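These notes concern the structure reproduced below.
Readers should treat all values here as calculations from the given coordinates under stated rules, not as data from a laboratory. Being a predicted model, the structure only gives us computed values, none of them experimental. Cβ placement follows ideal geometry from the backbone for every residue including glycine, while neighbour counts extend to all protein chains displayed.
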Amino acid sequence: MLSLHGLRALDRKLARDLVRIWPQALAIALVLASGVATLILAIGAYRSLEETRRLYYAEYGFADVFASATRAPAALESRIAELPGVAIAETRITRHAILDLEGVTEPVTGLLQSLPDRARALLNRPHIRLGRLPEAGAVSEVAINVAFAEAHGLRIGDGFDAILNGKKRRLTIVGAVLSPEHIYAIGPGDLMPDYRRFAILWMSRATLESVFDLDGAFDAVSLKLEPGAREAEVIARVDQLLARYGGTGAYGRTDQISHAFLDAELKQLAALARIIPPVFLLVSAFLLNMTLLRLIALEREQIGLIKALGYSNVAIAAHYLKLVAVITVVGIAIGFALGTLFGQSLTRLYGKFFQFPFLVFEQDGDLYVVAAALSIAAALAGALRAIYTALALPPAVAMSPPAPQRYAHLPGETSALAAHLSQMTVMSLRNMVRFPLRSAMTGLGLSLSVSLLIVSLFAFDAVEAMIDATFFGSQRQDATLNFRDEQSARITADVAHLPGILRVEPFRHVAARIRSGQTARRLTLTGRPGDALLTRQLDLALAPVDVPETGLLINRRLAEVLGVKRGSLVDVEILDGRRGTRSVRVTDVIESYIGLVALMRMDQLNRLLEEGPVVSGVHIAYDRDREAALFREIKATPRIVSIEQQRRALSRFRATLAENIDMMTSIYISLAVVVAFGVVYNSTRIQLSERARDLASLRVLGFHRREVSRVLFTELVVLALVAQPLGWFIGHWLAWLTVQSFSSDLYTTPFVINTATYAKASLVTIAATAASALTVHQRIAALDLVAVLKTRE
Amino acid sequence: MAEVVFQARGLTKVYRTGAVEVRALDGLDLDLFAGELVVLLGPSGSGKSTLLNILGGLDRATDGLCRFRDIDLVRLDDRGLTEFRRRYVGFVFQFYNLIPSLTARENVALVTEISEHPMRPEEALDLVGLSARADHFPAELSGGEQQRVAIARAIAKRPDVLLCDEPTGALDSHTGIRVLEAITAVNRELGTTTAIITHNAAIKDIAHRFCRFADGRIVETTRNQKRLAPAEVSW
């Protein structure tokens, strides 16, 4: 009964303690909440995205392996289906075509895909959002992807022209659909989805067969593998079967563009979950430790008294643990709410960016349990040592005042140095040295805030560097035209005669697999003329270099993946046309942030293929004033199957990234401010509490409020200044980690941090520090001079 | 007749906490003259500390008149009071209130740095007999030594008045006497007007005058015909 009554009294004390220190408690809870929120945000969005994709793939039969050929006999389908490990094989026709929409000047590139006529598709089934799929054999019926319909405001029943196999045809829209193959739908050569300029069209197989003279034949096949099948073996067998029919090398999901982009995004989210939350958990552990130590120091005599009254150590430990528990629970609750909210908006943003028929919000309890457990662990790590100091106090010692704080001269302090400093500065510096751990942790907390800002802000620098190198250094053409099949080099002259053309540079693209040792990558091998000006290669220092007369240029990412360097020999397996493997020397490693790049002189590539001068497409520069006339001609040129416009690509790239980066950056900036504010607020409040007597003494001696604040703030300024370079360093390192974990075969992020980014990060942290310090400054006015001086330390 | 340094008339201080009203000073009259050493004597709660705080610019009266020379202390704002303390007042408290992170010399220098015509910190420490301990931190000094540093700090700026609130309250009598010797030496050698408040009646004999406090007023003022040296008093 007595103990129950006593416990209630202690709990009342707890409640009052909490009321007294609520701003500090809230600051700690917010930092903790930031950790919980980022964890839930990143992992929640990761799981939602992954689960949405998994369900989508399963319900709509996303294939495991894809292959294409020039023209393969329909009979081959059953032979592919019988290959060991293959569960389902489904052939189809896929072609590119130029579309001509009323009121749209620029040509639109369309990817045509056939749908089986006899039954519904087994693999890569479209999800019908509106209308229906084209009827078997319907000549002019087409289903289009939803995003394209939305981008142009197209409705069921609307029509547009398409140049199919050189002939213009009028197509009528019967449905708007989504496909698991095109969650991330990107046009040939594009960096970002551009739904105004790139469309996916589904038509009847019979119609496409007749349009493209492919009766009884196919040019693409998708496979579903049996569980446990070896993908590489299946791919090798499919390649063997398709080799005679112009097969360009089968590939698995990892090389399927939409899947690969989603993977890259998932990888980034996972990296986010690993890099950011630990920072917050670390800071909150330190804040709890610092605050609790001070509270226990203030309550030293009370603790002695409570012990003397007969309370056990367990009761006292429980008392302080309850305080920690309240802060932790509040932090976790806020973190849960924010994390769920942010996670859902991030997932929704993904829903906009990626084309899903539905979104699954994966909010399993286990994630919350893990986030809560990590927070509790961090809180305990911070609290236990502080609580131990309370337990270790013998009652008699606790009830007598603590021994006066012992200070010492500063390390390296000389009278000459001291003579240059005011006594106020000396006070600040000695205090900093007196509590090295706290000073270090306060400085570290501020550094972490700076580093968080650098990690979030450097994304803008990286993107600008990427844009600079890609669009202004390397790919300087106005547009790229891709031809149907390989064309004779004479076509270059034909293109040059189109209206407004200023320069034409041909290129050759060949599907290839490049291998070094055990590692291989499937990519497009590019051939370029030696005198190319529109497209250039940049060396690792981003200076333009020529394509060497012999050998291969590969980009840094490919060199790293293959583990090769300048002078190494790699095996180049041609997957197009005349197949075969040749050993080629890597003449140099170049910088290119987009994809895997391997390129050589066009004439040399043609020789390698034992072919004459043929081209796959041309890069062009043209007179913008004659753009409309040029586009009209391009739309009427059957040999051109797609066009990429650099200016549009760039603006899409900027717009898409801006949307993504802006959201993440605003979240991060808020969180970094929370950290800086929380650290500074707690640290200065504790200082104020510890040094109230000193500060009041100064006031009594005739120091003005501002002068007294200086004592507190000199220390803060010193710590904030020291924290900046450390923060830059940690931020640099975290940014490097981010770059490493964000890089994929699709794109690598340049590791570029502008000086201005360091400065911005520092400014934001310093502003948060100043704001936090100002709130404490107000309290110096409220110091009760007389009361403080009348009490014994 | 010496100049009047402090003049208080009808000085009243009322503390209100909720519904409770405490009249710490209740219409008190007092003059302090230049160069004199006055002991204000009274039991705790009699209002003597309140008076000292108002005289020293740490607190403001509720009513009445309180002038330091021609400065009206009742009308000064926080900034004005701070400036007043900075220029004219030296304080000594029962619990020394030294800055623990500064050595004895530095504690004194803290004040001399913001004063117009201060003595050198060493000089002030010499005056209280502590030159030898100038480079020690407070934690390395005894209670009496700390209090003497506090006195040195209070007088180093050559204040017009030295206000001491129970300066010997935390000390044994032997140490307390050494502290009183320091205070009387300052009063004698620098001519600093000095007020000491204490509940220790023995100390009254070292003053030129002493005043007895009761219930927020001065109930008796006596001029000592014969002053004793601190060494001659005991408690």
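From the C-alpha coordinates alone, can you work out the Kirkwood hydrodynamic radius of region B:182-235, in Å? Kindly include the intermediate steps, with their values, before the conclusion.
On the way: mean 1/r = 0.0826 Å⁻¹.
Radius from the Kirkwood sum: 12.1 Å.
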Which three extents, in whole angstrom, do the alpha-carbon atoms of region B:85-149 cover along their principal axes, largest first? 30, 23, 20
Taking region A:458-507 on its own, what percent of its Cα-Cα pair distances exceed 16 Å? 55
Calculated on alpha-carbon atoms, Rg and Dmax of region A:4-50 in Å: 17.6, 53
Projecting the Cα atoms of A:VAL561, A:ALA383, B:VAL219 onto the charge dipole of the protein assembly as shown, where Lys and Arg contribute +1 and Asp and Glu -1 at Cβ, the residue farthest towards the positive end is B:VAL219
Would you mind checking which residues have amide H under 5 Å from A:TYR407's amide H? H placed 1.01 Å from N; only 5 or more apart, or other chain. B:ALA139
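Expressed as a whole percent, how much of the Cα-Cα distance distribution for region A:179-306 exceeds 22 Å? Mind dumping the intermediate values first?
Values: 5453 of 8128 pairs.
Distances greater than 22 Å cover 67 percent of the Cα pairs.
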Listed peptides A:391-400, A:186-195, A:440-449 by packing density, highest first (mean Cβ within 10 Å): A:440-449, A:186-195, A:391-400
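Compute the normalised compactness of region A:552-693: alpha-carbon radius of gyration over 2.2 N^0.38 Å, N being the residue count.
Taking N as the residue count of region A:552-693, the ratio is 1.87.
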Cα gyration tensor of region A:139-236 - equivalent ellipsoid semi-axes, whole Å, descending: 27, 20, 13
Would you give the gap between the C-alpha center of region A:226-296 and the C-alpha center of region A:357-403, rounded to a whole Å? 32
Expressed as a fraction of 2.2 N^0.38 Å, the rule-of-thumb size for a compact globular protein of N residues, what is the C-alpha radius of gyration of region A:425-575? 1.71
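For the protein assembly as shown, what mean projected area does the convex hull of the alpha carbons give, in nm²?
54.8
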If you count the DSSP beta bridges with both ends in the protein assembly as shown, what percent of them are antiparallel, to the nearest 5? 75
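Test of understanding: express the Cα radius of gyration of region B:138-235 as a ratio to 2.2 N^0.38 Å, with N the residue count.
Values: Rg = 13.5 Å, N = 98, 2.2 N^0.38 = 12.6 Å.
Taking N as the residue count of region B:138-235, the ratio is 1.08.
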Please list the non-local residues whose amide H lies under 5 Å from the amide H of A:ASP64, H modeled 1.01 Å from N, same-chain partners needing a gap of 5 or more. A:LEU223, A:LYS224, A:LEU225
Among the listed pairs B:LYS48/B:LYS226; A:LYS167/A:LYS635; A:LYS13/B:LYS13; A:LYS13/A:LYS307; B:LYS48/B:LYS204, give every one whose C-alpha distance is greater than 22 Å. B:LYS48/B:LYS226; A:LYS13/B:LYS13
With all distinct Cα pairs included, what does the Kirkwood hydrodynamic radius of region A:625-716 come out to in Å, to one decimal, could you say? 19.4
So how long is each side of region A:253-319 along the principal axes, counting just the alpha-carbon atoms, biggest first, in Å? 73, 20, 9
Of the candidates A:GLY61, A:THR38, A:LEU76, the farthest towards the positive dipole end of region A:1-77 (Lys/Arg Cβ +1, Asp/Glu Cβ -1, centred on the Cα centre) is A:THR38
Dimensions (Å) - region A:579-645, Cα atoms, principal axes, largest first: 45, 29, 17
For region A:506-554, evaluate the Debye formula with one uniform point scatterer on each Cα (no solvent term) and list log10 I(q)/I(0) at q = 0.20, 0.21, 0.29, 0.30 Å⁻¹, rounded to two decimals. -0.82, -0.88, -1.17, -1.18
Apply the Karplus parameterisation 6.51 cos²θ - 1.76 cosθ + 1.60, with θ equal to phi minus 60°, to every residue of region A:186-191 and state each ³J(HN,Hα) to the nearest whole Hz, in sequence, with x for glycine and proline. 10, x, x, x, 6, 9
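Mind checking the dipole of chain A: about its Cα centre, +1 per Lys or Arg Cβ, -1 per Asp or Glu Cβ, Debye to the nearest 20? Numbers along the way, then the final one.
Values: 84 positive and 73 negative charges, 543 e Å.
With Lys and Arg at +1 and Asp and Glu at -1, about 2620 debye.
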How about region B:181-222: which trypsin sites (Lys or Arg not before Pro) there are in a DSSP loop, with at most 12 other Cβ atoms within 10 Å of their Cβ? none
Per-residue ³J(HN,Hα) for region A:707-717, Karplus 6.51 cos²θ - 1.76 cosθ + 1.60, θ = phi - 60°, Hz, x for Gly and Pro: 5, 5, 4, 4, 4, 5, 7, 4, 4, 5, 5
Among A:GLN405, A:PHE677, A:ILE491, whose Cα projects farthest towards the positive end of the dipole of the protein assembly as shown, with charges put on the beta-carbon of Lys, Arg (+1) and Asp, Glu (-1)? A:GLN405
Given H placed 1.01 Å from N in the peptide plane, which residues other than close sequence neighbours of A:VAL597 have an amide H under 5 Å from its amide H? A:ASN555, A:LEU558
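What is the diffusion coefficient of chain B in µm²/s, taking the Kirkwood radius over Cα pairs and the Stokes-Einstein relation at 25 °C with a viscosity of 0.890 mPa s?
Numbers: Rh = 17.9 Å.
The diffusion coefficient I find is 137 µm²/s.
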Beta carbons within 10 angstrom, averaged per residue: use that to sort the peptides A:377-387, A:302-312, B:146-156, highest first. B:146-156, A:377-387, A:302-312
Explain nothing, just compute: Karplus ³J(HN,Hα) = 6.51 cos²θ - 1.76 cosθ + 1.60, θ = phi - 60°, for every residue of region A:519-527 in order, whole Hz, x for Gly and Pro. 9, 9, 9, 8, 7, 9, 8, 9, x
Can you pick out the pairs among A:LYS267/A:LYS760; A:LYS352/A:LYS760; A:LYS267/A:LYS322 whose Cα atoms lie more than 32 Å from each other? A:LYS267/A:LYS322
Relative to the Cα centre, what is the charge dipole magnitude of region A:448-513, using +1 at the beta carbon of each Lys and Arg, -1 at the beta carbon of each Asp and Glu, and rounding to the nearest 20 debye? 240
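Let me confirm one metric for peptide A:420-429, namely the mean number of other chain beta-carbon atoms within 10 Å of its residues' beta-carbons. If you can, show how the numbers build up before the last one.
Numbers: counts 0, 0, 4, 15, 5, 0, 7, 7, 1, 1.
Rounded to a whole number, the mean comes out at 4.
With +1 on each Lys and Arg Cβ and -1 on each Asp and Glu Cβ, and nothing else charged, work out how big the dipole of chain B is about its Cα centre, in Debye to the nearest 20. Can you show the working numbers first?
On the way: 29 positive and 32 negative charges, 76 e Å.
Here the size comes out at about 360 debye.
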